[in-house]
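Q: Take a look at the following structure, please.
The values are calculated or read from the model by the stated rules, or taken from the named source; none is laboratory data. All figures in this text were calculated on a predicted structure; none of them were measured in a lab. In this analysis, Cβ positions are derived from the backbone assuming ideal geometry, glycine residues included, and neighbour counts consider all displayed protein chains.
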Amino acid sequence: MTQRTDETDRPRLLVVDDAEDVLAVVSDLLRMHNYDVTEAAGGQAAVAALGSGRFDAVLTDLEMPAVGGMEVLVETRRRDPEIPVVLVTAYSTIERAVEAMREGAFDFIEKPVRSEDLLAVVERAVRRRAARAPEGSGGEGVAAGHGPAGADGVLIGTAPAMRRVLDDVARVAAGDTTVLLLGESGTGKEMVSRLLHARSPRRDGPLVVINCAAIPDELLENELFGSEKGAFTGAAQRKPGKFELAEKGTIVLDEIGDLNHSLQAKLLRVLEEREFERLGGTRTIPLDVRVVAATNRDLEDDVEAGRFREDLFYRLNVFPIHLPALRERPEDVAPLVAHFVAETSRDLNKPVPEITREAMARFEAHDWPGNVRELRNVVERAVILCDGERLEAGHVVIRTRRKPRGAPAEAAPDDRQTSGVGDGGRGACTDLSLKDASRRAAAEAEIALIRRVMDDVRWNRRAAARRLGVSYKTLWNKLKEYRLD
């Protein structure tokens, strides 16, 4: 292999395998040939390691429980697409390895692995990395976290629906085409909009995001288009709007389906004429921005119902991208959990815990109505609750959805089970006692979580509410309910 003169500047490798004996043998072989090796005993450990250092190449087994080699590939490329990933595969999974090559893997090696083959492919991978490293980086490559999504959001997943999203982003990012992002709340529409901007020629320009549903109608026009001094009572000076602030960049109109009809008409004119005027102004200002709109509503239904202008819908719907709900891509839950556990542990300055099979089973059994946002919040709470080296099922606190008010109770398959008829009522008593125990356990877990977070933020209620992902009022009520105030 190519030797480096500085002992501290040896090529850095991440070697991943859930079989500890194989991991040790491969790592020792590579160390003998002057590589700096970091070992990861499985995909979860690999995701954590990727967040704590830079690597010249990654060598990973393809078939591993919970988080497999494909997920390691996706996470590596998310952080830095220039890191070569080599997969080790059995004959029975050659087709998957070929599929991984299409997804960006550098190469694959078939088991049983011969030493000379392993060393040859790793050498080629490291040389490719050195050739593509940015100038002045010393061959170490791009810092972790600055890959295709990097700081612009988390787009992790190998499910077909998610691959289609990434393919669509790749197709449309390079132009100025208006994009409409569709999907349920929490599916990552804002992250996709940031990725579109980061991959566009406008990446050096501003990215301006405005939530159309969060601003009252009477103020939204001023926020979008700006105002001149004296345009209305209280307008003491000229104020630029979001369109003006996004000049030469991208504007993201989130929750576009909540615009009222008056603003829909004004927005349509702006998009068609590519110009606008500030409120109270007479000067027409040319518009040079890329527009990305997002909504969790069915705009076609809104058009048919007369709630949304048909002409504006067609103007926005030039290139629609549908983001799948998390329940539509269950195979992505495990890699997302591993990523969020590593990310939260770093944020809290805690060691990254091992995720037990029982804990991962709890994550995978839930249907996640709140999608990736809900999953992220539950993972953060679990890491906060976890004090040891293992994240257990008991740390995973998932709120169950309440039935809508007035919803009929589900009929029991056997009335005797719930009424206790025929067993002296013992069935009903047992059922009630189990429910009471479940409620007590949930309350105790919630109290422990609140206490821990409040201690971490020195009992700053507003900071604690942000950390817990709840409103200040909700936290206040919980503090009073549990007598923690």
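Q: Given the criteria modelled with pLDDT of 90 or more and buried (at least 16 other Cβ atoms within 10 Å of the Cβ), does Thr344 qualify?
A: When the stated conditions are applied, Thr344 does not pass them.
Q: Of all residues in the range 444-475, how many are of a type in the set (A, V, I, L, M, F, W, C), part of a helix (DSSP H, G or I) and either modelled with pLDDT of 80 or more or under 18 Å from Cys386 (Cα atoms) (or both)?
A: Adding up the residues that qualify gives 10.
Q: Being touching a residue at least 60 places away in the same chain (Cβ under 8 Å) and in a strand (DSSP E or B) is the filter; apply it to the range 178-207 and report the residue that is surrounded by the fewest Cβ atoms within 10 Å (Cβ to Cβ).
A: Checking each candidate, the answer is Leu182.
Q: If you don't mind, another one. Filter the range 208-226 down to residues that are on the phi < 0 side of the Ramachandran plot and not in a loop (DSSP other than H, G, I, E, B), then give me how many there are.
A: Residues flagged as on the phi < 0 side of the Ramachandran plot and not in a loop (DSSP other than H, G, I, E, B) within the range 208-226 amount to 13.
Q: From the list Glu374, Glu354, pick out the single residue that is charged (D, E, K, R) and within 13 Å of the chain's Cα centre (by Cα).
A: Numbers: Glu354 fails: within 13 Å of the chain's Cα centre (by Cα).
Going through Glu374, Glu354 in turn, just one is charged (D, E, K, R) and within 13 Å of the chain's Cα centre (by Cα): Glu374.
Here's the yes/no breakdown for (1) more than 22 Å from the chain's Cα centre (by Cα); (2) under 26 Å from Phe319 (Cα atoms); (3) of a type in the set (A, V, I, L, M):
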position	(1), (2), (3)
Glu184	no, yes, no
Leu196	no, yes, yes
Leu207	no, yes, yes
Phe232	yes, no, no
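Q: Further question on the same structure: Exactly one of these conditions fails for Ala235: (1) within 28 Å of Gly306 (Cβ to Cβ); (2) out of contact with any Phe, Trp or Tyr (no Cβ under 8 Å at 6 or more places or on another chain). Give me its number.
A: (1)
Q: Being at pLDDT 85 or above, touching a Leu at 6+ places or on another chain (Cβ under 7 Å) and not assigned by TED's automatic domain parsing to the domain that holds Ala334 is true for just one of Val126, Val169, Val209, Val121. Which residue is that? Give the steps one after another, and end with the answer.
A: Numbers: Val126 fails: touching a Leu at 6+ places or on another chain (Cβ under 7 Å); Val209 fails: touching a Leu at 6+ places or on another chain (Cβ under 7 Å); Val121 fails: touching a Leu at 6+ places or on another chain (Cβ under 7 Å).
It is Val169.
Q: Looking only at the range 476-485, filter to residues that are charged (D, E, K, R) and part of a helix (DSSP H, G or I); which one of those is modelled with the lowest pLDDT? Steps first, answer last, please.
A: First pass over the range 476-485, keeping only residues charged (D, E, K, R): 478, 480-481, 483, 485.
In the following step, the residues that additionally are part of a helix (DSSP H, G or I) were identified as 478, 480-481.
Values: Lys478: 84, Lys480: 79, Glu481: 82.
Looking at residues that are charged (D, E, K, R) and part of a helix (DSSP H, G or I), I get Lys480.
Q: Please pick out the residue among Gly406, Gly388 that is at pLDDT below 90, outside the structural domain of Gly188 (by TED's automatic domain parsing) and within 22 Å of Arg467 (Cα to Cα). Explain how you work it out, then say what you get.
A: Numbers: Gly406 fails: within 22 Å of Arg467 (Cα to Cα).
When all the criteria are applied, what remains is Gly388.
Q: Further question: For Glu380, indicate whether it is surrounded by fewer than 18 Cβ atoms within 10 Å (Cβ to Cβ) and touching a helix residue (DSSP H, G or I) at 6+ places or on another chain (Cβ under 7 Å).
A: No, not satisfied.
Q: When you check Val341 against the structure, is it of a type outside the set (Ser, Thr, Tyr), under 30 Å from Gly51 (Cβ atoms) and not assigned by TED's automatic domain parsing to the domain that holds Gly42, yes or no? Show your work before the answer.
A: Working: of a type outside the set (Ser, Thr, Tyr): yes; under 30 Å from Gly51 (Cβ atoms): yes; not assigned by TED's automatic domain parsing to the domain that holds Gly42: yes.
So Val341 passes the test.
Q: Going by the conditions given, is Asp301 without any contact (Cβ under 8 Å) to a residue 12 or more places away in the chain and either closer than 30 Å to Glu71 by Cα or in contact with an Asp or Glu (Cβ under 8 Å, 6 or more places away or on another chain) (or both)?
A: So Asp301 does not fit the description; no.
Q: Another question about this same structure. Would you please name the residue that is surrounded by the fewest Cβ atoms within 10 Å (Cβ to Cβ), looking only at residues in the range 347-376 that are in contact with a helix residue (DSSP H, G or I) (Cβ under 6 Å, 6 or more places away or on another chain) and not in a helix (DSSP H, G or I)?
A: Looking at residues that are in contact with a helix residue (DSSP H, G or I) (Cβ under 6 Å, 6 or more places away or on another chain) and not in a helix (DSSP H, G or I), I get Asp367.
Q: Would you confirm, using the coordinates I've provided, whether Val37 is closer than 24 Å to Arg362 by Cα, at pLDDT 90 or above and aliphatic (A, V, I, L, M)?
A: For Val37, the condition - closer than 24 Å to Arg362 by Cα, at pLDDT 90 or above and aliphatic (A, V, I, L, M) - is not met.
Q: So Thr344 ticks every box in (1) in contact (Cβ under 8 Å) with a residue 60 or more places away in the chain; (2) within 20 Å of Asp387 (Cβ to Cβ); (3) among the β-branched types (Val, Ile, Thr) but one. Which box is left unticked?
A: It is condition (1) that Thr344 fails.
Q: Here is a further query. Return the only residue of Leu87, Leu50 being in contact with a Leu (Cβ under 6 Å, 6 or more places away or on another chain) and either in contact (Cβ under 8 Å) with a residue 40 or more places away in the chain or on the phi < 0 side of the Ramachandran plot (or both).
A: Leu87
Q: Let me ask you something else. Which numbered condition trips up Leu385, out of (1) within 14 Å of the chain's Cα centre (by Cα); (2) farther than 20 Å from Asn296 by Cβ?
A: Unmet condition: (1).
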